[in-house]
Each structure stands twice: as C-alpha cells, then as structure tokens.
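A.B. asks: Here it is: the structure, laid out below.
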Amino acid sequence: MSRRKVIAGNWKMNNNPEQTKTLINEIAPLVSGSKSDVIVCVPYVDLAAALETVKDTNIKVGAQNCSWAVSGAFTGEVSAPMLKSIGVEYVITGHSERRTYFGDTDVTVRDRTRAALDAGLKVILCVGEYLEQREQGVTAEVCAMQTKIALQGVAAEELKNIIIAYEPVWAIGTGKTATAEQADEVCAIIRATVCGLYGEAAADDMIIQYGGSMNAGNAAELLSKPNVDGGLIGGASLKANDFAQIVKAADESL
Ligand code: PEP
C-alpha cells in the first residue's frame, strides 16, 4: 500500500509576522513542485500573515494547539472554530511540549482533538514516550495508550482528517534522533493500534509521521521506512533550505 508523504514544520514559539512572511517566501519556491503535502504550523499571531503568504503556493497552514471548548471563560486559549474562521486548515494536538509544560493530559488531548474535528480542522496528533518509559520497556504500551485515548469518540470516517505523529520525547529538540528502525517499529505499533480500533483498511490509510530531530541529513533514511509517512519537524523547519531538503527526501522516498 503506498501512502502519500506529509512534511509539517512546527515552528514552536519562533518568528513574528514579518519573519513568517520572509521564511514562507523562502520556502515556497523550494517546495513548489513537491508531490508531498507541505504544512507549516506557526504561532497564533503569525497565522494571518502565513495564510496571506501561502496563497498561490502548495503550502498549508496549521496552528500548534486549540482549546477543547468552543468559547467562554478560558483566558489565553484559542478555539478550533476561531482557527477555522480565519482559514487555518491544520492544528497540532498533544505535542509533548504542551503535555510537559502546560499540563495537557491524554484526556485533554482527546478533547482538543475532538474540538478540532468538530470545527472541520485536520489534526496532527502527537504521541510518544519519555526516555524513562523507553528504558522501562513500555514504549509500545505508552504510544498505544495515548493513541487509543486520543481517538476515543472519533468515527472511522473522521480518520482521514487525522495524521498521527510519533514523537519520542527524548528526541525532540535534543539532536538525538530515533534510529530509522526504532521510528519504523513504533510507527508500526501505532498502526497496529489503529488496526485494532478501526480495522486493516483504516490502518493502511493512516498517515503516521516521525518527529524528533529530523533534519536534512537523516530524513532520507527515516522516510525510507515503510511505516514512516512523513515528518513533523521542529528546529530544521526554521531554515528554508533544510526544510526543503526534507521535503525533497520525502518526494524521493515515494
Ligand atoms: C517538534 O517540535 O515536533 C520536533 C520534532 O522538534 P525537533 O525537530 O526540533 O526535534
């Protein structure tokens, strides 16, 4: 079964609107002929600039989080319908930095995912184990559990709007990449989890990315693995040439 590849940049808390325009204008010509899907997930204040700048390009725009609520007394939050109303297409849920620093739990990740789908957004749902959990031998259980909880209440026909990103926490922003074999193994476990919940066809169709210090040098090997359908890229997505190299590696793996 051949799946498309999806390369998404997670800019984290970097770049103001001017810098956003500049970076997207640098990336756009480098990825214009890509066969892979290309997404940039930018800070909230940069969304409008990003949406304006990607017009007439093949780049899609995502946010990095959304509330589980539609509106109300949730100071500092931004709702999924608000994102949708300005033309945002994607949103990341469950990034480990949200789980670690901002108290997101498996249940709030589930609820944010539900809210995003209800608003008509596409979701990049992040799961992954801490180093301690890998060392304890529970990577498979942790990733399966996070996947199962996040997908509670998601109907089979909604899965086309979900991408799962396997992001081992120990590899994010650390320069330590999972080996291609480790990435493939856990992406396969997540796929088997989806199979258990929704059946083989759904599992075969599911796009599962790897994220964690993916860069221009290691992308080709990671993306060559049968269960790795793309990448969620942090640091390297802030450099146009590096990000474009990763997109090229994705194209060449097809
Ligand atoms: C991320 O933020 O999702 C990520 C994978 O970061 P980095 O590529 O910098 O490890």
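The values are calculated or read from the model by the stated rules, or taken from the named source; none is laboratory data. It should be emphasised that the depicted structure is a prediction, and the values quoted were computed from it without experimental measurement. Here Cβ is always computed from backbone atoms with ideal geometry, including for glycine, and neighbour counts include all displayed protein chains.
A.B. asks: Of everything in segment 99-130 that's of a type outside the set (A, V, I, L, M) and part of a strand (DSSP E or B), which residue is nearest to the chain's Cα centre (by Cα)?
C.D. replies: C126
A.B. asks: Would you call V247 in contact (Cβ under 8 Å) with a residue 60 or more places away in the chain, touching a helix residue (DSSP H, G or I) at 6+ places or on another chain (Cβ under 6 Å) and not basic (K, R)?
C.D. replies: In short, yes.
A.B. asks: Could I ask something else about it? Within the group A150, A165, A155, A119, which residue is out of contact with any strand residue (DSSP E or B) (no Cβ under 6 Å at 6 or more places or on another chain), in contact (Cβ under 8 Å) with a residue 12 or more places away in the chain and either buried (at least 23 other Cβ atoms within 10 Å of the Cβ) or not basic (K, R) (or both)?
C.D. replies: Just one listed residue meets the conditions, A119.
One line per residue, one yes/no per condition, for (1) of a type in the set (D, E); (2) under 23 Å from A69 (Cα atoms):
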residue	(1), (2)
V107	no, yes
L117	no, yes
I124	no, yes
Q136	no, no
M145	no, no
V154	no, yes
E158	yes, yes
E167	yes, no
K176	no, no
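A.B. asks: Could you check, for segment 189-208, whether at least one of its residues is under 26 Å from M13 (Cβ atoms) and of a type outside the set (V, I, T)?
C.D. replies: no
A.B. asks: Would you pick out the residues in segment 140-160 that are touching a Ser or Thr at 6+ places or on another chain (Cβ under 8 Å) and of a type in the set (K, R)?
C.D. replies: K148 - this is the single residue of segment 140-160 that is touching a Ser or Thr at 6+ places or on another chain (Cβ under 8 Å) and of a type in the set (K, R).
A.B. asks: May I ask you to list the residues in segment 76-116 that are more than 21 Å from Y166 (Cα to Cα), polar (S, T, N, Q) and either in contact with a Ser or Thr (Cβ under 6 Å, 6 or more places away or on another chain) or in contact (Cβ under 8 Å) with a residue 24 or more places away in the chain (or both)?
C.D. replies: Result: S79, single match.
A.B. asks: From the list G94, G87, G33, exactly one residue is within 15 Å of L232 (Cβ to Cβ) and among the small types (G, A, S). Which is it?
C.D. replies: G94
A.B. asks: Considering only residues of segment 1-35 that are in a loop (DSSP other than H, G, I, E, B) and of a type in the set (A, V, I, L, M, F, W, C), which is nearest to the ligand (Cβ to nearest atom)?
C.D. replies: Looking at residues that are in a loop (DSSP other than H, G, I, E, B) and of a type in the set (A, V, I, L, M, F, W, C), I get W11.
A.B. asks: Now a separate question. Of these, Q146, Q133, which one is within 16 Å of the ligand (Cβ to nearest atom) and part of a helix (DSSP H, G or I)?
C.D. replies: Selected residue: Q146, the only one of Q146, Q133 that is within 16 Å of the ligand (Cβ to nearest atom) and part of a helix (DSSP H, G or I).
A.B. asks: Across segment 76-95, which residue is nearest to A50 (Cα to Cα) among those that are in a loop (DSSP other than H, G, I, E, B) and either under 13 Å from the mean Cα position of the chain (by Cα) or within 14 Å of the ligand (Cβ to nearest atom) (or both)?
C.D. replies: E89
A.B. asks: Being within 20 Å of T174 (Cα to Cα), acidic (D, E) and modelled with pLDDT of 95 or more is the requirement here; does E252 meet it?
C.D. replies: No: the conditions fail for E252.
A.B. asks: Considering only segment 189-212, I want to know if a residue exists there that is within 13 Å of the ligand (Cβ to nearest atom) and closer than 27 Å to P17 by Cα.
C.D. replies: Yes, there is a match, as at least one residue in segment 189-212 is within 13 Å of the ligand (Cβ to nearest atom) and closer than 27 Å to P17 by Cα.
A.B. asks: Conditions first: (1) assigned to a strand (DSSP E or B); (2) more than 20 Å from I208 (Cβ to Cβ). G175 passes all but one, so which condition is the exception?
C.D. replies: (1)
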